[in-house]
Amino acid sequence: MLPSFPTRPQGGGTAPCDERAVFTAVVYALTSGCAWRHLPPTLGTSPATAHRRFTVWTETGLWRRPHRAVLDELGARGEVDWRTSAVADAASVRAPRGDR
């Protein structure tokens, strides 16, 4: 279940958005590598809303639950070989100017 967002007591703001459309946009961005700002309007939500919801859902641990469920299911079927699993991480950092 997705976290709910309370209405703002002071009023104003934008109309509620379709949570399914937001979820679809987030999954599209994550699986396609599409930059948030380039999300197609046909997904039915703004890039800012999709990114904001992704951030909130990440902070609340939403992605850990389905990830664990998929791993549990694949593990039960014997389709995960933990002996060959690896994680690679890289970061690019701009070199500072001037003397070292």
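The values are calculated or read from the model by the stated rules, or taken from the named source; none is laboratory data. Please read all numbers here as calculations on a predicted model, not as lab measurements. Using ideal geometry, Cβ is built from the backbone for each residue, glycine included, and neighbour counts are taken over all protein chains shown.
Among the residues in the range 33-40, are any within 12 Å of the chain's Cα centre (by Cα), surrounded by 10 or more Cβ atoms within 10 Å (Cβ to Cβ) and in contact (Cβ under 8 Å) with a residue 24 or more places away in the chain? Taking every residue of the range 33-40 in turn, none turns out to be within 12 Å of the chain's Cα centre (by Cα), surrounded by 10 or more Cβ atoms within 10 Å (Cβ to Cβ) and in contact (Cβ under 8 Å) with a residue 24 or more places away in the chain. In the set (1) modelled with pLDDT of 80 or more; (2) in contact with a helix residue (DSSP H, G or I) (Cβ under 9 Å, 6 or more places away or on another chain); (3) β-branched (V, I, T), V27 fails one condition alone, (2).
Taken over the range 29-49, the criterion of being assigned to a helix (DSSP H, G or I) and not charged (D, E, K, R) is satisfied by A29, L30, T31, S32, W36, H38, P41, T42, L43, P47, A48, T49. From the set of residues in the range 52-83 that are in a loop (DSSP other than H, G, I, E, B) and modelled with pLDDT under 85, which is farthest from A25 (Cα to Cα)? Filtering first and then ranking leaves D81.
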